[in-house]
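The values are calculated or read from the model by the stated rules, or taken from the named source; none is laboratory data. Because the structure is a prediction, the values reported are computed rather than measured. Cβ placement follows ideal geometry from the backbone for every residue including glycine, while neighbour counts extend to all protein chains displayed. With ligands, DNA and RNA removed, areas are computed over all heavy atoms of the protein, side chains included. Shrake-Rupley method; radii C 1.70, N 1.55, O 1.52, S 1.80 Å.
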Amino acid sequence: MKNILTAPFMVEMIRTATNMYDHGWDERNGGNISLMVDEDEVAKYLDLNSVLREIPTGFDASTLDGKYFLVTGTGKYFKNVQYAPEVNLGLIRVTDSGRTAQLLWGYADGGKFTSELPAHLMSHAARLAVDPENRVVMHCHPGNLLAMTYVHDLNEKAFTRTLWQMCTECIVVFPDGVNVLPWMLCGTNEIGIATAEKMGSARLVVWSQHGIYGAGKDLDETFGLIETAEKAAEIYMKIAHLPLLTTITDDQLWLLVDRFEVEPREGYLAPRQA
Ligand code: 13P
Ligand code: ZN
């Protein structure tokens, strides 16, 4: 059996958590990541019959039965993941219609998965239903996106359009837009259900006055998605209080759509000029 700390999925997870911390998105224990790993991949590093502990999840996620996830631990600091992966991360197998997580590796100090596991697993299920290649759900607290939820209209179309107008690349990177939830109590099944529902139509979901969720096919792509939205929010927070003299027009956004062959969220752009 190979050493799991050398597994490409583990190396990438550690690098990503470190990078997110370095970006200032994950103060203290803020943020959490879940990465779905194929059984064949896990089997190279772990005995699949050796379950260390069974941990109840407190919710149902039957479509994920038998799936494996590498997940950050609750209360754990992203800055420490690189120094003690086995304490700060855990590898679980979902069983019992999603109601039980079997721990195969990690949470070595007796800890458990993130308190946001409902939002993660329910979002995985929602994204897999529309994109079978989805593997990652990522949550963090980027400062500018968070700030924007205090001063910008929380209407999803308005929020998305503003971000698209802040950087030329935005509509190319997230043509599906950004969905927005009002403030809700975190760590609950309710916010999990609401997040997953929003994940059906977009890969980014803002939690007002809290942070953001992103989903994607790998850690790099998901990080890049959040990074791009956060850059746009940064531009917005730099200019929102200044007189706006120019912007990216809808005609220009259509040029980007055509050039990069993306599908913008329906109804979010003004109809093309004839
Ligand atoms: P956890 O430490 O349980 O992952 O919670 C952090 C967080 O960001 C809650 O939304
Ligand atoms: Zn959070």
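Miscellaneous remarks
- HIS241 accessible area, assembled protein chains, probe 1.4 Å, Å²: 140 Å²
- The range 93-223 - Rg (one decimal) and Dmax (whole number), Cα, Å: 15.4, 47
- Those GluC sites (Glu not before Pro) in the range 174-274 that DSSP places in a loop and that have at most 12 other beta carbons within 10 Å: GLU261, GLU266
- Extended-chain gain in nm, criterion 0.36 nm per residue less alpha-carbon gap, GLU197 and VAL262: 21.1 nm
- Neighbour-limited loop hits for trypsin sites (Lys or Arg not before Pro), the range 174-274 (at most 12 other Cβ within 10 Å; DSSP other than H, G, I, E, B): ARG272
- Most to least accessible of CYS167, CYS140 (protein chains only, probe 1.4 Å): CYS167, CYS140
- Exceeding the 27 Å Cα-Cα cut-off - candidates LYS44/LYS231; LYS2/LYS198; LYS79/LYS157; LYS44/LYS217: LYS44/LYS231; LYS2/LYS198; LYS79/LYS157
- Tilt relative to the chain, helix 189-199 - C-alpha long axis, 0 to 90 degrees, to 10: 50 degrees
- Label-to-label distance, nm, for residues given as ASP251 and ARG99 (7 Å Cα→Cβ offset): 6.1 nm
- For THR188 and VAL130, the FRET efficiency from 1/(1 + (r/R0)^6), where r spans their Cβ atoms and R0 equals 30 Å, is about 0.80.
- Ranked by the mean number of other Cβ atoms within 10 Å of their residues, highest first, the peptides 61-74, 148-161 fall in the order 61-74, 148-161.
- Degrees, to the nearest 10: 117-130 long Cα axis against longest axis of the chain: 60 degrees
- The Cα center of the range 52-114 and the Cα center of the range 183-213 differ in position by 20 Å.
- Counting only Cβ charges, +1 for Lys and Arg and -1 for Asp and Glu, the dipole size of the chain around its Cα centre is about 460 debye.
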